[in-house]
Amino acid sequence: MDRDCLRAYAQRPWHVLAALDQDHWAGELAARGPGATLEASQALWAHMRRIRPDWPTEADRRADLAHHAVLKQAIDRAAGAFLAAARH
């Protein structure tokens, strides 16, 4: 691998790219509604299955489920905090 190419890649203005990505998806959501993100996720799923027919593996699924459980707990805690604040 070429060091200069690797360095150039690492030094990209990632914050600018992230902002452009956020703007793009905000526009897609505003123009086409939540179906836009659903279509994108389905296209990514189909692409992954074409390049890795065994994906997701059982280990991938277990890791994904564990992540979702942690996320749900965080959302539940946040919701509880908002509800408690609203009661006072």
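Taken together, the values in this text are just the output of simple stated rules run on the coordinates, not laboratory data. As the structure is a computational prediction, the values presented were derived from the model and not from experiment. All Cβ positions, glycine included, derive from the backbone under ideal geometry; neighbour counts span all protein chains shown.
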Per the charge dipole of the chain (beta-carbon charges, Lys/Arg positive, Asp/Glu negative, Cα centre), the residue among 56, 41, 1 reaching farthest to the positive end is 56
Whole-Å distance, taken between Cα centres, linking region 53-88 and region 1-43: 24
Under 15 Å, Cβ to Cβ, from residue 83 - net charge with Lys/Arg +1 and Asp/Glu -1: +1
Can you compute the modelled spin-label distance between residue 23 and residue 54, with each label point 7 Å from Cα toward Cβ, in nm? 4.2
How large is log10 of I(q)/I(0) for the chain at q = 0.11, 0.14, 0.24 Å⁻¹ when the intensity is taken from the Debye formula with one equal scatterer per alpha-carbon? -0.65, -0.99, -1.03
